[in-house]
Amino acid sequence: MPSPSFNWQRPQWPAFSFARSALKDELAAFARAFREAKKALREPQDPLFVARALASEAVTTRAIEGVEVDEAVVMSSICRALGVPGAAPTAARDAASEGAARLVLAVREDRDAPLSAALLRKWHGAMMEGGARGVRAGAFRDVPVRVVSVDRFGQSETRFEAPPPERVAGEIGLFVRRWRHRPATPEGIALKAALMHPHFESIHPFEDGNGRIGRALVAKVLAEGLRHPVALPVSTFVSRHRRAYYDEINVASHTLDWTSWAGFFVPVLTDLLESFVAAMRFVAAKRDYLARFESSFAERARKVVLRMFEDGEAGAKAGLSAAKWMRMAKVSKPTATRDLAELVQSGAIVPDGTGPQTRYLLNHPAFEPDREPIEPINDGINDGINAAILRLVRNHPGRGVPFFLASVKASRATVERAVRALVRAGRIEHRGSRKTGGYFATEPTSSATPPREREPR
């Protein structure tokens, strides 16, 4: 008799195992981030920030599966449901977009609801209402699921196979009983969020939407543990590690030792919490800064400063120059100089440096630029990550971090650090919106600029 290929075919299923001792460092890092998140949540949340976070999660969770939804429709639906002003009303009707919004709202609403089969069906029904034809909204599947890949020689391989449909209800019953408990420690919360995910994905109880429901369960576990209806962008962080995510979840579907999976996924959750804390601190600092200085702004200054905040912490720390003010406010140099002088006098900005290279920083401790040492940036230096990014910006203006990542051999953190360094040094700047904008060189390209690099295909 051939050996079982998938975890649910093994006689021990669903009794998975993991080596907790091998996850000591990962769990300790998560616990630190979790405690910081609980502290951050003591402060009131900005309703528009919450709505934007929910909208981003709704859009990204569909994008992971290669499906685009209309962000304007999603944002409008969420703002309307939460009673939050800030999104332009839209007459567009898009079932997929509205379903994505309904799912994140349902997860937020059901943070404290006990895990049950009925809850899973409710979420699926909300997500699928008016959606894909032929998919029964809110019902467990009654068809088999098998994912088969075919190579270039025509050889097929079964990449994944779910339990037969007649087993689904029983499997979900076992799943609910296994994961209904509420851990009392951050480490327990991390393990529950990480380990219940491959369990759910291995059952694959619905005909469509299992990935979205699975990620929604992770968000519920974290919000439940934090005891707050917080909007955590689980899908956003999964998407940053999309290839590794699919590789690891595939391995987990063939084994009942989920140590490797947890070693991958717990750090993803830690990264999520750390970024959430940073975003919360940024929102609080922005609120504090505007409370102190917004009343003194002329309308033009107000628009420029709010535009800086649209780019998040990096935009607030980037500072201003006369040339940048001219571009953003669309004014002459004398007007830009006068505007900046008025802001300095009001205390809203402070000069950094002297002479033509003077930059102006927002007057708040949270927006002080990072001062860590950075490698020199010189036109004659062709090695080093900073110089590589600078060449890419010159040769491909308007591109962003994803393009840089595809073009240089470095981690996301290294690339983002290089971009911040170049912005602080005044060599590049971000133009346009956070989603569709990109980076441009601030100085003219000289004849000594290296040849245009080949774009990755």
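The values are calculated or read from the model by the stated rules, or taken from the named source; none is laboratory data. Note that this is a predicted model, so its numbers are computed, not measured. Cβ sites come from the backbone with ideal geometry, for glycine too, and all protein chains shown count toward neighbours.
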> With respect to Val331, is the statement that it is at pLDDT 85 or above, in the same structural domain as Arg307 (by TED's automatic domain parsing) and either outside any strand (DSSP E or B) or farther than 21 Å from Asp311 by Cβ (or both) true?
Replying inline: yes
>> Being part of a loop (DSSP other than H, G, I, E, B), surrounded by 13 or more Cβ atoms within 10 Å (Cβ to Cβ) and of a type in the set (Lys, Arg) narrows it down to one residue among Arg178, Arg152, Arg136; which is it?
In response: Arg136
>> Exactly one of these conditions fails for Tyr289: (1) hydroxyl-bearing (Ser, Thr, Tyr); (2) in contact with a strand residue (DSSP E or B) (Cβ under 8 Å, 6 or more places away or on another chain); (3) within 19 Å of Ala31 (Cα to Cα). Give me its number.
In response: (3)
> Of the conditions (1) more than 26 Å from Leu174 (Cβ to Cβ); (2) modelled with pLDDT of 85 or more, Asp112 fails just one. Which one is it?
Replying inline: (1)
> Conditions: (1) at pLDDT 80 or above; (2) in a loop (DSSP other than H, G, I, E, B); (3) of a type outside the set (A, V, I, L, M, F, W, C). Arg102 meets all but one. Number of the miss?
Replying inline: (2)
>> If I go through the stretch 359-396 residue by residue, how many of them are exposed (fewer than 15 other Cβ atoms within 10 Å of the Cβ) and modelled with pLDDT of 85 or more?
In response: 1
> Going through the stretch 298-319 one residue at a time, which ones are out of contact with any helix residue (DSSP H, G or I) (no Cβ under 7 Å at 6 or more places or on another chain) and not acidic (Asp, Glu)?
Replying inline: Ala298, Lys303, Val305, Leu306, Gly319
